[in-house]
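Here the structure is laid out as structure tokens; the discussion comes afterwards.
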Amino acid sequence: MNKILIGLVFLVVNLTVNSIDLIPDWLGFILIMLGAREMMRESENFARLKPFAMAAALFALVIFVAGLVGGTISILPMLCWPLSVYVYLLIVRGVRDLETKYSADMHSADMMKYMNFGVVGSIVLTVLVAANVGVLALIVGIVTVVFMGLYIYNFYLAKQVYESIQNG
């Protein structure tokens, strides 16, 4: 679950210098895919996650390379976004499967709640940016990052519970 956790951090944290993303999303998706491979015996949702994380990694890599060479491919982020949301959802479902399998609260309900708020915030943010409403977009962007941070924190808590069960 460590790889999934680190991959999620890569997706939420954006550190950009001279238009270069130092924490690239494509690497986050690859880490999630590798983590899902480790967890696929525990839940079919983690097995289902692998191809979607790989597809999202490929889209994100093309976007990343286009940014490096100074180009943009405006349709790709729109295609990558639903894949990202589905990746987040499959992670929640995988954690929910772990809860059922081990009869333990692993915070999947909180993860789902924060994911939903993050998705709605992302949609609102996109509309506000398109409408050129700068200050409000900034506020919504910050709130959206907080919700996704809470999603990651709750995944961390799930990881802690899972590891304590595995370690006896």
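The values are calculated or read from the model by the stated rules, or taken from the named source; none is laboratory data. Small disclaimer: the values here were computed from a predicted structure and weren't measured. Cβ sites come from the backbone with ideal geometry, for glycine too, and all protein chains shown count toward neighbours.
In the range 97-119, how many are in contact (Cβ under 8 Å) with a residue 60 or more places away in the chain and either within 18 Å of L49 (Cα to Cα) or outside any loop (DSSP other than H, G, I, E, B) (or both)?
2
Mind listing whichever residues of the range 142-156 are over 9 Å from M111 (Cα atoms) and out of contact with any helix residue (DSSP H, G or I) (no Cβ under 8 Å at 6 or more places or on another chain)?
I142, V146
How about the range 139-163: which of its residues are at pLDDT below 95, aliphatic (A, V, I, L, M) and touching a Leu at 6+ places or on another chain (Cβ under 6 Å)?
If the condition is that a residue be at pLDDT below 95, aliphatic (A, V, I, L, M) and touching a Leu at 6+ places or on another chain (Cβ under 6 Å), then V140 is the only one that fits.
So which residues in the range 26-60 are among the acidic types (D, E) and either in contact (Cβ under 8 Å) with a residue 40 or more places away in the chain or touching an Asp or Glu at 6+ places or on another chain (Cβ under 9 Å) (or both), if there are any at all?
Restricting attention to the range 26-60, the residues satisfying the condition of being among the acidic types (D, E) are 38, 42, 44.
Correct list: E42, E44.
So how many residues does the range 120-150 have that are touching a residue at least 12 places away in the same chain (Cβ under 8 Å) and under 21 Å from Y88 (Cβ atoms)? Step through it out loud before you land on a result.
Taking the range 120-150 and keeping what is touching a residue at least 12 places away in the same chain (Cβ under 8 Å), we get 121-122, 124-125, 128, 137, 140-141, 143-145, 147-150.
Restricting the remaining residues to those that are under 21 Å from Y88 (Cβ atoms) gives 121-122, 124-125, 140-141, 143-145, 147-150.
Qualifying residue count, the range 120-150: 13.
Determine if the range 132-154 includes at least one residue that is in a helix (DSSP H, G or I), surrounded by 21 or more Cβ atoms within 10 Å (Cβ to Cβ) and over 15 Å from the mean Cα position of the chain (by Cα).
yes
Would you mention how many residues in the range 1-49 are farther than 22 Å from T144 by Cα, crowded, with 22+ Cβ neighbours inside 10 Å and of a type in the set (D, E)?
Count: 0.
Determine, yes or no, whether Y86 is touching a helix residue (DSSP H, G or I) at 6+ places or on another chain (Cβ under 9 Å) and surrounded by fewer than 21 Cβ atoms within 10 Å (Cβ to Cβ).
On the way: touching a helix residue (DSSP H, G or I) at 6+ places or on another chain (Cβ under 9 Å): yes; surrounded by fewer than 21 Cβ atoms within 10 Å (Cβ to Cβ): yes.
Yes.
Select from the range 1-23 the residues that are at pLDDT below 90 and in a loop (DSSP other than H, G, I, E, B) and write down the one among them that is farthest from F155 (Cα to Cα).
Per the criteria, the residue is N18.
Among the residues of the range 64-88, which ones are farther than 27 Å from Y153 by Cα and modelled with pLDDT of 70 or more?
Those that are farther than 27 Å from Y153 by Cα and modelled with pLDDT of 70 or more: V65, A66, G67, L68, V69, G70.
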